[in-house]
1. Name the pairs: first residue in segment 43-68 and at negative phi and surrounded by 16 or more Cβ atoms within 10 Å (Cβ to Cβ), second residue at pLDDT 95 or above and among the hydroxyl-bearing types (S, T, Y), Cβ to Cβ under 6 Å, at least 6 apart or on different chains?
2. Being assigned to a strand (DSSP E or B) and in contact (Cβ under 8 Å) with a residue 60 or more places away in the chain is the filter here; which residues of segment 80-94 pass it?
3. Any chance segment 89-97 includes a residue that's within 16 Å of L74 (Cβ to Cβ) and polar (S, T, N, Q)?
4. Would you point out the residue of segment 123-145, among those that are out of contact with any Ser or Thr (no Cβ under 9 Å at 6 or more places or on another chain) and surrounded by fewer than 17 Cβ atoms within 10 Å (Cβ to Cβ), that is farthest from L155 (Cα to Cα)?
5. Touching a strand residue (DSSP E or B) at 6+ places or on another chain (Cβ under 6 Å), over 16 Å from V52 (Cβ atoms) and in contact (Cβ under 8 Å) with a residue 24 or more places away in the chain: does that describe G121?
6. For P147, state whether it is outside any strand (DSSP E or B) and not β-branched (V, I, T).
7. Mind checking which residues of segment 74-97 are at pLDDT below 95 and either among the basic types (K, R) or in contact with a Phe, Trp or Tyr (Cβ under 7 Å, 6 or more places away or on another chain) (or both)?
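The values are calculated or read from the model by the stated rules, or taken from the named source; none is laboratory data. This structure is a prediction, so every number in the text was calculated from the model and none was measured. Cβ sites come from the backbone with ideal geometry, for glycine too, and all protein chains shown count toward neighbours.
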Amino acid sequence: MKRFTLTLTLLGIGLLLIACGGRREAQVTPTPIVVEPVGGPGQMARSYPVRVSDAGRVVVEVTPLNLDQPESTLHFQVAMNTHWVELDYDLTRLAVLRTNRGDEVAPVRWDGPQGGHHVNGILYFPAIDLEGVRWIEVVIRDVAGIPERVFRWELRP
């Protein structure tokens, strides 16, 4: 009888550990976003891949939307996903845009929800002159205890 009780107890603990602690790392496949070209025929738009940070039990994905066609703002799609913490972040206070030239600007708007476990929106930065810029980064600070997440795209070799 003791052996049966012990077996059931161990089986129960094993199932509980699998259900609660058996988290697998998120498998995210970068999907390029293609920006439609502006201008004449034959002008090719460049696609920029999704950049992913999976740390602190939060997966953050950032994708440039208009680097080849900046308007008055540069747009970045931001998705944050978790099942562990509340995503109640105001990205206008936590993000900056940096370049190899030393430019660093804060976002002007975040069109996304605050709160929940799945957040998706657009982060807007003021347009900067990208002439001669080799790389651009979006830096998001202090999400789920991670001091800095850096998402970089090469614009020119």
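1. Filtered contacts from segment 43-68: V50/T63; V60/S53.
2. Narrowing segment 80-94 to residues assigned to a strand (DSSP E or B): 80-81.
Across segment 80-94, the qualifying residue is only M80.
3. Going through segment 89-97, the residues within 16 Å of L74 (Cβ to Cβ) turn out to be 91-92, 95-97.
Right, trim to polar (S, T, N, Q) and you get 92.
Yes.
4. Initial filter on segment 123-145 (out of contact with any Ser or Thr (no Cβ under 9 Å at 6 or more places or on another chain)): 129, 131-132, 138-139, 141-142, 145.
Retained after the next criterion (residues that are surrounded by fewer than 17 Cβ atoms within 10 Å (Cβ to Cβ)): 129, 131-132, 139, 141-142, 145.
On the way: D129: 13, E131: 10, G132: 9, V139: 17, R141: 23, D142: 27, G145: 30 Å.
Checking each candidate, the answer is G145.
5. Working: touching a strand residue (DSSP E or B) at 6+ places or on another chain (Cβ under 6 Å): yes; over 16 Å from V52 (Cβ atoms): yes; in contact (Cβ under 8 Å) with a residue 24 or more places away in the chain: yes.
Here the answer is yes, as G121 does meet what is asked.
6. Details: outside any strand (DSSP E or B): no; not β-branched (V, I, T): yes.
In short, no.
7. Passing the criteria: only D90.
To keep it simple, each residue is scored yes or no on (1) under 25 Å from G56 (Cα atoms); (2) without any contact (Cβ under 8 Å) to a residue 40 or more places away in the chain.
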| site | (1), (2) |
| --- | --- |
| V108 | no, yes |
| P113 | yes, yes |
| E131 | no, yes |
| R141 | yes, no |
| E148 | yes, yes |
